[in-house]
Amino acid sequence: MQKQIVEIAQDANIRIIGPNCMGVTNFNNGFSSGDLEMDNSTQPVGKTATIAQSGVIRNIFIDWASIQYIGFSKAVKLGNKIDVDEIDMIKYFKSDSETNIITIYLEGTKRGKELIEILKNINKSVLILKSGKTKSDRNAVPSHTGSIAGDDKIYEAVINYSPGVYRIDDFYEMINIAHIFSTQPLPGGKNVAVITGSGSLGILTCDQIQVHKLKVPQLSQNTVQKIKSVIPG
């Protein structure tokens with residue numbers, strides 16, 4: 001049946017999102033093609049867009065993020081991707097004036113080279129939660145939404161090579177980073193200064209800064225004196 005749907009749509013020049021999905025939600029104009037209820041008192045309008053192959057994961061992310069008052073612009077559930085896929089939606093959100101941050105739950109893609117190219121040239125922050133890290137996970141993906149999971153090392157390399165694109169490990173990290181990006185300006189570089197009342201916490205923080213390939217620079221005496229004038233001791 002999917003094949004017939006694709007043929008009919010192509011003949012009529014119609015684009016399709018799905019099947020096996022709940023479609024799209026536009027928080028700016030209140031449109032929703034699925035079961036996601038629109039309530040701006042709990043789901044404020046903002047500049048974060050979300051793309052997911054799973055409707056349940058999309059809804060959970062939006063619900064949890066709303067608790068942190070993260071405002072959304074649009075949400076898309078792709079399903080089996082017989083036509084429109086993550087590449088199409090990233091291209092759309094790249095030029096969408098209502099979106100500054102793109103969050104993605106990705107199980108796999110059939111257009112790897114195009115994904116590499118668009119992520120290399122993206123002009124917005126992109127957070128990707130990618131399943132299928134292990135062999136057993138990759139075996140489960142095709143039975144869910146018909147995607148090709150591929151070697152996780154390939155995705156890791158693509159993400160690491162693309163400025164502004166971040167690999168996220170879980171929902172909590174996705175929500176926390178989306179919250180930071182939606183409320184704070186992007187950093188101007190990789191240098192991070194640490195101010196703490198605990199030496200132990202300072203050391204642990206410095207460890208994590210280096211793990212994430214950032215730097216703790218040596219402060220100049222001028223900077224040290226200015227800090228001491230504000231924070232005695």
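Residues checked against (1) modelled with pLDDT under 90; (2) out of contact with any helix residue (DSSP H, G or I) (no Cβ under 8 Å at 6 or more places or on another chain):
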{"position": "Ala140", "(1), (2)": "yes, yes"}
{"position": "Gly146", "(1), (2)": "yes, yes"}
{"position": "Gly164", "(1), (2)": "yes, yes"}
{"position": "Thr183", "(1), (2)": "yes, yes"}
{"position": "Leu204", "(1), (2)": "no, yes"}
{"position": "Ile209", "(1), (2)": "no, yes"}
{"position": "Val216", "(1), (2)": "no, no"}
{"position": "Gln221", "(1), (2)": "no, yes"}
{"position": "Ser229", "(1), (2)": "yes, yes"}
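With Glu114, Glu37 as the choices, which residue is more than 16 Å from the chain's Cα centre (by Cα), modelled with pLDDT of 85 or more and among the charged types (D, E, K, R)? Before the answer, list the steps.
Details: Glu37 fails: modelled with pLDDT of 85 or more.
Going through Glu114, Glu37 in turn, the sole match is Glu114.
Regarding Phe61, is this residue in the same structural domain as Tyr105 (by TED's automatic domain parsing), at pLDDT below 80, surrounded by 13 or more Cβ atoms within 10 Å (Cβ to Cβ) and under 14 Å from the mean Cα position of the chain (by Cα)? Explain how you work it out, then say what you get.
Details: in the same structural domain as Tyr105 (by TED's automatic domain parsing): yes; at pLDDT below 80: yes; surrounded by 13 or more Cβ atoms within 10 Å (Cβ to Cβ): yes; under 14 Å from the mean Cα position of the chain (by Cα): yes.
Here the answer is yes, as Phe61 does meet what is asked.
Looking at the range 161-177, can you tell me whether even one residue there is surrounded by 10 or more Cβ atoms within 10 Å (Cβ to Cβ), part of a loop (DSSP other than H, G, I, E, B), of a type in the set (Ser, Thr, Tyr) and in the same structural domain as Leu115 (by TED's automatic domain parsing)?
The answer is yes; a qualifying residue exists.
Taking the criterion of being surrounded by 11 or more Cβ atoms within 10 Å (Cβ to Cβ) and either part of a loop (DSSP other than H, G, I, E, B) or of a type in the set (Gly, Ala, Ser) (or both), would at least one residue in the range 199-209 satisfy it?
yes
Output the residue which, of all residues in the range 178-192 that are touching a residue at least 60 places away in the same chain (Cβ under 8 Å) and in a helix (DSSP H, G or I), is surrounded by the fewest Cβ atoms within 10 Å (Cβ to Cβ). So that I can check it myself, show each step before the final result.
Pass one, the range 178-192, residues touching a residue at least 60 places away in the same chain (Cβ under 8 Å): 178-179, 181-182, 186.
Filter once more, so that each one left must be in a helix (DSSP H, G or I): 178-179, 181-182.
Values: Ala178: 24, His179: 16, Phe181: 20, Ser182: 19.
So, considering only residues that are touching a residue at least 60 places away in the same chain (Cβ under 8 Å) and in a helix (DSSP H, G or I), the one surrounded by the fewest Cβ atoms within 10 Å (Cβ to Cβ) is His179.
Can you pull out every residue in the range 210-233 that is surrounded by 10 or more Cβ atoms within 10 Å (Cβ to Cβ) and not in a loop (DSSP other than H, G, I, E, B)?
Gln210, Lys215, Thr223, Val224, Gln225, Lys226, Ile227, Lys228
The values are calculated or read from the model by the stated rules, or taken from the named source; none is laboratory data. Because the structure is a prediction, the values reported are computed rather than measured. Cβ sites come from the backbone with ideal geometry, for glycine too, and all protein chains shown count toward neighbours.
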